[in-house]
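Chemist: My questions all concern the structure below.
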Amino acid sequence: MLLQIKNLKVGYRNIEVVRGVELNIDKGECVGLIGESGCGKTTVGLSVTKLIPERIGMTSGEILFEDKNILKLNPEELRNIRGKKISYVFQEPFSSLNPVFTVYEQIREMLEKKNNIYIQIAEILKSVGLEKIIGRKNVYPHELSGGMQQRAMIGMAIASKPSLVILDEPTTALDVTIQRQILDLITGLKNKMNLSILFISHDLRIVFSIADKIGIMYAGKIVEYGTKEKIISSPSHPYTIGLIDSIPSFEHRKQLFNVIGGKAPLFSELPKGCKFYPRCRFRIKECLKKEPELKDISADHFSRCILTSEIAARRLPKQNRSI
Amino acid sequence: MKLLKIDSLHKTFKKHKVSAVDGASFSIFKGEVLGLVGESGCGKTTLAKLILRLIDADKGSIFYKDKDLLKISHSDMRKTRKSLQIIFQDPYASLDPRMRIGEVIEEVYDIHKNVTGREKKNKAIELLETVGLGEVYLQRLSSELSGGERQRVGIARALATDPEFIICDEPVSSLDISIQAQILNLLIDLQKRKNLTYLFISHDLGVIGSICDRVMVMQSGKFVESGSCETIFRNPKHEYTKTLLKSALLS
């Protein structure tokens with residue numbers, strides 16, 4: 001196991017936003033982490049590289065990367081991991097590239113061996129599909145389109161040949177056609193370099209097209225976890241079902257979506273019992289008693305719901321939908 | 001019945017010599033949802049703004065009920081805009097951060113001078129309820145609202161003048177998928193209830209497919225293909241449409 005997250009809890013001031021997350025990533029595996037804005041998914045990603053400053057975030061639990069607990073490492077040891085063994089691609093390429101340095105300089109910074117720099121950079125640019133700017137050493141980020149900027153970011157992320165890449169909504173700011181190209185690029189690199197990937201997104205469609213395993217997060221906890229096939233064919237948590245039913249497509253033409261009503265709860269005012277209770281279509285009184293544990297449904301498939309077995313049968317057929 | 005008839009509309013941005021809209025001709029029928037799909041920068045939003053005369057077209061004509069919108073005076077245009085409204089893309093940028101939600105909606109009546117005094121507030125409450133928000137939102141600032149709630153305010157504002165035709169310019173592209181479905185439901189419901197006509201702009205073919213009757217595919221200022229949703233999705237002819245469909249994340 002390359003990365004093991006055990007009972008990770010992160011609190012900002014006194015409010016816990018990641019409330020006990022367990023997640024494993026194997027070598028060469030892509031794990032997708034899905035959830036609405038503000039469910040704590042980015043915080044999980046940031047914790048993996050210990051990027052949450054200690055004075056704001058109280059972190060507990062264990063993050064084992066190559067059997068070392070990242071949360072216990074000193075700054076020196078962290079420097080040897082961040083950007084080298086674990087790299088990070090952020091959501092908005094334009095705000096994460098430095099506008100006053102050229103793309104070449106920014107990629108060079110990431111290289112470990114400083115010999116034959118231009119050959120190395122050319123190779124990286126080629127592998128992320130930026131052949132156009134090979135040799136153009138004075139190109140600045142603002143001269144590139146959004147898609148090319150994201151390619152440059154990915155280039156920087158893989159420059160040090162990491163074993164784990166965290167991608168935090170890497171395609172959200174991009175157009176559909178460019179989105180597809182970036183996803184294809186990531187899949188290609190993953191296969192070529194045997195990369196492990198933690199892919200954070202709010203869009204199930206994107207995660208379905210790239211991840212091997214999927215964790216669905218709600219209010220700071222994983223509510224369902226399983227292989228992609230299991231999640232697509234037999235979603236078991238009402239939240240997952242709601243998310244899948246919210247996907248717009250041609251097949252749902254002119255029908256109302258079976259939406260998840262309301263909005264995500266604030267962390268300071270989490271409801272009692274199951275945190276999804278107020279928005280759940282399948283709720284019963286028992287749900288209020290205590291927050292359910294993550295239960296086994298089948299091999300490699302877990303759900304945090306006491307009704308798991310009945311839910312699939314009660315999922316409404318499409319034509320009976322209303323607001 | 002044809003609600004709008006647009007004929008060879010052109011717009012070139014001179015400074016950059018870009019033909020943003022290059023000979024657009026199409027009609028919008030009463031009560032339909034017409035989709036407009038294409039990549040960023042292909043001219044979708046420019047076309048929307050041209051139709052409402054928020055920017056001036058170089059040439060062409062836009063007929064709305066026998067009136068050529070490009071030929072009428074500004075004051076006439078302002079009156080006509082009562083029936084032609086728009087919901088903007090970015091709910092974070094389209095609401096004034098210093099205005100309360102009540103003021104945002106009531107401002108519409110100040111501009112059109114058709115409702116006054118106490119009636120304005122009642123109307124605003126009624127509209128907020130129509131879009132699934134309540135009276136409590138009157139006093140809020142847009143910064144206190146989530147993206148979905150802001151977009152609902154945007155919809156309420158567009159509905160304030162009781163329009164016949166609404167341009168929805170990527171109304172859901174900045175929202176989470178669960179909120180996106182809520183807003184789409186609201187738009188579908190309003191369209192059926194009030195027999196509205198939409199020009200629905202999006203780059204997401206999933207969204208277009210779920211809501212539209214007809215689709216027009218746009219590439220660098222030109223329509224490359226148009227037809228019923230059925231034809232475009234099942235049997236695309238143009239290469240660009242095929243590429244779009246292939247890249248779309250259709251589940």
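Chemist: Does the range B:2-42 hold any residues that are outside any strand (DSSP E or B) and within 14 Å of another protein chain (Cβ to nearest Cβ), and which are they?
Modeler: Start the filter on the range B:2-42 by keeping residues that are outside any strand (DSSP E or B), which leaves B:14-17, B:30-32, B:38-42.
B:Gly31, B:Glu32, B:Gly38, B:Glu39, B:Ser40, B:Gly41, B:Cys42 - these are the residues of the range B:2-42 that are outside any strand (DSSP E or B) and within 14 Å of another protein chain (Cβ to nearest Cβ).
Chemist: Filter the range B:33-44 down to the residues that are touching a strand residue (DSSP E or B) at 6+ places or on another chain (Cβ under 6 Å) and not aliphatic (A, V, I, L, M), then identify the one that is nearest to B:Leu196 (Cα to Cα). If you could, list the steps in order and put the result at the bottom.
Modeler: Taking the range B:33-44 as the starting set, the residues that turn out to be touching a strand residue (DSSP E or B) at 6+ places or on another chain (Cβ under 6 Å) are B:33-38, B:42-44.
Among the residues that remain, those that are also not aliphatic (A, V, I, L, M) are: B:35, B:38, B:42-44.
Details: B:Gly35: 14, B:Gly38: 23, B:Cys42: 26, B:Gly43: 24, B:Lys44: 20 Å.
So the residue we want is B:Gly35.
Chemist: Is it true that some residue in the range B:165-183 is of a type in the set (Asp, Glu), in a helix (DSSP H, G or I) and either more than 9 Å from every other protein chain (Cβ to nearest Cβ) or without any contact (Cβ under 8 Å) to a residue 60 or more places away in the chain (or both)?
Modeler: Of all residues in the range B:165-183, those of a type in the set (Asp, Glu) come to B:169-170, B:176.
From the residues that got through so far, the ones that are in a helix (DSSP H, G or I) too are none.
No, the range B:165-183 has no match at all.
Chemist: Is it true that some residue in the range B:77-88 is more than 25 Å from B:Glu32 (Cβ to Cβ) and either touching a Gly at 6+ places or on another chain (Cβ under 8 Å) or assigned by TED's automatic domain parsing to the domain that holds B:Glu39 (or both)?
Modeler: Taking every residue of the range B:77-88 in turn, at least one turns out to be more than 25 Å from B:Glu32 (Cβ to Cβ) and either touching a Gly at 6+ places or on another chain (Cβ under 8 Å) or assigned by TED's automatic domain parsing to the domain that holds B:Glu39 (or both).
Chemist: Moving to a separate point now. Considering A:Ser309, A:Ser268, which residue is part of a helix (DSSP H, G or I), over 26 Å from B:Ser146 (Cα atoms) and more than 9 Å from chain B (Cβ to nearest Cβ)?
Modeler: Working: A:Ser268 fails: over 26 Å from B:Ser146 (Cα atoms).
Step by step, each of A:Ser309, A:Ser268 is checked, and only A:Ser309 is part of a helix (DSSP H, G or I), over 26 Å from B:Ser146 (Cα atoms) and more than 9 Å from chain B (Cβ to nearest Cβ).
Chemist: Right, here's the next one. Go through the residues of the range A:221-237 one by one and say whether even a single one is under 15 Å from B:Asp176 (Cβ atoms) and either of a type in the set (A, V, I, L, M) or facing chain B (nearest Cβ under 8 Å) (or both). Even if it seems obvious, please write down each step before you answer.
Modeler: From the range A:221-237, those under 15 Å from B:Asp176 (Cβ atoms) are none; that's our starting set.
Looking for residues that are under 15 Å from B:Asp176 (Cβ atoms) and either of a type in the set (A, V, I, L, M) or facing chain B (nearest Cβ under 8 Å) (or both), one finds none in the range A:221-237, hence no.
Chemist: Look through the range A:151-207, keep the residues that are in contact with a Lys or Arg (Cβ under 9 Å, 6 or more places away or on another chain) and among the polar types (S, T, N, Q), and return whichever of them is nearest to A:Glu131 (Cα to Cα).
Modeler: A:Gln181
Chemist: If only one of A:Met110, A:Met58 is under 30 Å from A:Tyr140 (Cβ atoms) and either touching a residue at least 12 places away in the same chain (Cβ under 8 Å) or among the charged types (D, E, K, R) (or both), which one is it? Before you say what the answer is, go through the steps one by one.
Modeler: Working: A:Met58 fails: under 30 Å from A:Tyr140 (Cβ atoms).
Exactly one of A:Met110, A:Met58 is under 30 Å from A:Tyr140 (Cβ atoms) and either touching a residue at least 12 places away in the same chain (Cβ under 8 Å) or among the charged types (D, E, K, R) (or both), namely A:Met110.
Chemist: Filtering the range B:195-214 down to residues that are more than 10 Å from chain A (Cβ to nearest Cβ) and β-branched (Val, Ile, Thr), which residue is surrounded by the fewest Cβ atoms within 10 Å (Cβ to Cβ)? Spell out the reasoning first.
Modeler: Initial filter on the range B:195-214 (more than 10 Å from chain A (Cβ to nearest Cβ)): B:195-201, B:214.
Retained after the next criterion (residues that are β-branched (Val, Ile, Thr)): B:197, B:201.
Values: B:Thr197: 22, B:Ile201: 27.
It comes out as B:Thr197.
Chemist: Among the numbered conditions (1) surrounded by fewer than 21 Cβ atoms within 10 Å (Cβ to Cβ); (2) at pLDDT 90 or above, tell me where B:Leu250 comes up short.
Modeler: (2)
Chemist: Restricted to the range A:240-265, and to residues that are under 20 Å from the mean Cα position of the chain (by Cα) and facing chain B (nearest Cβ under 9 Å), which residue is nearest to B:Ala248 (Cα to Cα)? Steps first, answer last, please.
Modeler: Step one: list which residues in the range A:240-265 are under 20 Å from the mean Cα position of the chain (by Cα), which gives A:240-244, A:246-247, A:264.
Of the ones still in play, those that are also facing chain B (nearest Cβ under 9 Å) are A:242-244, A:246-247, A:264.
Working: A:Gly242: 21, A:Leu243: 18, A:Ile244: 16, A:Ser246: 16, A:Ile247: 12, A:Ala264: 27 Å.
So, considering only residues that are under 20 Å from the mean Cα position of the chain (by Cα) and facing chain B (nearest Cβ under 9 Å), the one nearest to B:Ala248 (Cα to Cα) is A:Ile247.
Chemist: Right, next: Return only the number of the condition from (1) under 23 Å from A:Gly262 (Cα atoms); (2) among the acidic types (Asp, Glu); (3) in contact (Cβ under 8 Å) with a residue 12 or more places away in the chain that B:Asp189 does not satisfy.
Modeler: Single failed check for B:Asp189: (3).
Chemist: Given (1) within 30 Å of A:Gly188 (Cα to Cα); (2) buried (at least 20 other Cβ atoms within 10 Å of the Cβ); (3) touching a Gly at 6+ places or on another chain (Cβ under 8 Å); (4) aliphatic (A, V, I, L, M), identify the lone condition not met by A:Leu8.
Modeler: Failed condition: (1).
Chemist: Can you tell me which residue is nearest to B:Lys44 (Cα to Cα) among those in the range B:73-102 that are surrounded by 15 or more Cβ atoms within 10 Å (Cβ to Cβ) and over 19 Å from the mean Cα position of the chain (by Cα)?
Modeler: The selected residue is B:Ile101.
Chemist: Looking at B:Tyr240 and the list (1) within 12 Å of chain A (Cβ to nearest Cβ); (2) part of a strand (DSSP E or B), which single condition is not satisfied?
Modeler: (2)
Chemist: Mind checking whether some residue in the range A:106-124 is among the small types (Gly, Ala, Ser), out of contact with any strand residue (DSSP E or B) (no Cβ under 9 Å at 6 or more places or on another chain) and part of a loop (DSSP other than H, G, I, E, B)? If you could, list the steps in order and put the result at the bottom.
Modeler: Quick first cut of the range A:106-124, residues among the small types (Gly, Ala, Ser) only: A:122.
Imposing the further condition that a residue be out of contact with any strand residue (DSSP E or B) (no Cβ under 9 Å at 6 or more places or on another chain) reduces the set to A:122.
Filter once more, keeping what is part of a loop (DSSP other than H, G, I, E, B): none.
Looking for residues that are among the small types (Gly, Ala, Ser), out of contact with any strand residue (DSSP E or B) (no Cβ under 9 Å at 6 or more places or on another chain) and part of a loop (DSSP other than H, G, I, E, B), one finds none in the range A:106-124, hence no.
Chemist: Restricting to the range B:112-164, what's the tally of residues that are among the β-branched types (Val, Ile, Thr), in contact (Cβ under 8 Å) with a residue 12 or more places away in the chain, assigned to a loop (DSSP other than H, G, I, E, B) and in contact with a Phe, Trp or Tyr (Cβ under 9 Å, 6 or more places away or on another chain)? Spell out the reasoning first.
Modeler: Step one: of the range B:112-164, the residues among the β-branched types (Val, Ile, Thr) are B:115-116, B:125, B:130-131, B:136, B:153, B:155, B:161.
Subset that is in contact (Cβ under 8 Å) with a residue 12 or more places away in the chain: B:125, B:130-131, B:153, B:155, B:161.
Add one more test, that the residue is assigned to a loop (DSSP other than H, G, I, E, B), and what stays is B:131, B:161.
In the following step, the residues that additionally are in contact with a Phe, Trp or Tyr (Cβ under 9 Å, 6 or more places away or on another chain) were identified as B:161.
Residues meeting the conditions: 1.
Chemist: Which pairs have Cβ atoms under 6 Å, sit 6 or more apart or on different chains, and link a residue in the range A:177-191 that is more than 10 Å from chain B (Cβ to nearest Cβ) to one that is surrounded by fewer than 18 Cβ atoms within 10 Å (Cβ to Cβ) and at pLDDT 95 or above?
Modeler: No pair meets every condition.
Chemist: Anything in the range A:196-209 that is within 13 Å of chain B (Cβ to nearest Cβ), buried (at least 23 other Cβ atoms within 10 Å of the Cβ) and farther than 17 Å from A:Ala173 by Cβ? List them, or say none.
Modeler: A:Leu204
Chemist: Oh, and also: Quick check on my filter: what residues within the range A:203-221 are over 20 Å from B:Ala181 (Cα atoms) and charged (D, E, K, R)?
Modeler: A:Asp212, A:Lys213, A:Lys221
The values are calculated or read from the model by the stated rules, or taken from the named source; none is laboratory data. None of the values given here were measured: they were computed from a predicted structure. Every residue, glycine as well, gets a Cβ built from its backbone with ideal geometry; the counts of neighbours run over all protein chains shown.
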